[in-house]
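Written below as structure tokens is the structure these notes are about.
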Amino acid sequence: MSGPDDASHGGTKGPGGADDSRPSDTELSARLEQLNTSLGQVRSKTEVPEPKGRDTSSSSGAALAFRLGAEFVSGVLVGSLIGYGIDRFFSIAPWGMIVFTLFGFAAGVTNMLRASGEGRNRGKTGT
């Protein structure tokens, strides 16, 4: 019996029922190379770029947390000490302490962002 597949291929069947019109190895290699090229182009379009911040994967999380905490606390302490000194020198308590503690807080947050690598690309827009 001949089925619809026999008429559509138009090829003859060889021994064991194999089709004689199989592509050669060079044709298959060329097709494989073309598929690899196409796949590489699609992958390059869909890959997410690496973050440009500092790579913190080599340091442990505890070390990074300790460093960020130390950056913040040192900023607040330095600001508070400067404020205390200004209060004592100019006799304007508590205003120097209040103002410079706030400056120290801002400096501590800025130092934390720098240490974690988050503050580098702040002004850039895009992807």
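The values are calculated or read from the model by the stated rules, or taken from the named source; none is laboratory data. What you see is a predicted model, and the numbers here were worked out from it, not measured in a lab.
At-a-glance table
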{"item": "Test for S57: is it outside any helix (DSSP H, G or I) and at pLDDT below 90", "result": "yes"}
{"item": "Matching entry among A30, A93 (being modelled with pLDDT under 90, among the hydrophobic types (A, V, I, L, M, F, W, C) and more than 29 Å from the chain's Cα centre (by Cα))", "result": "A93"}
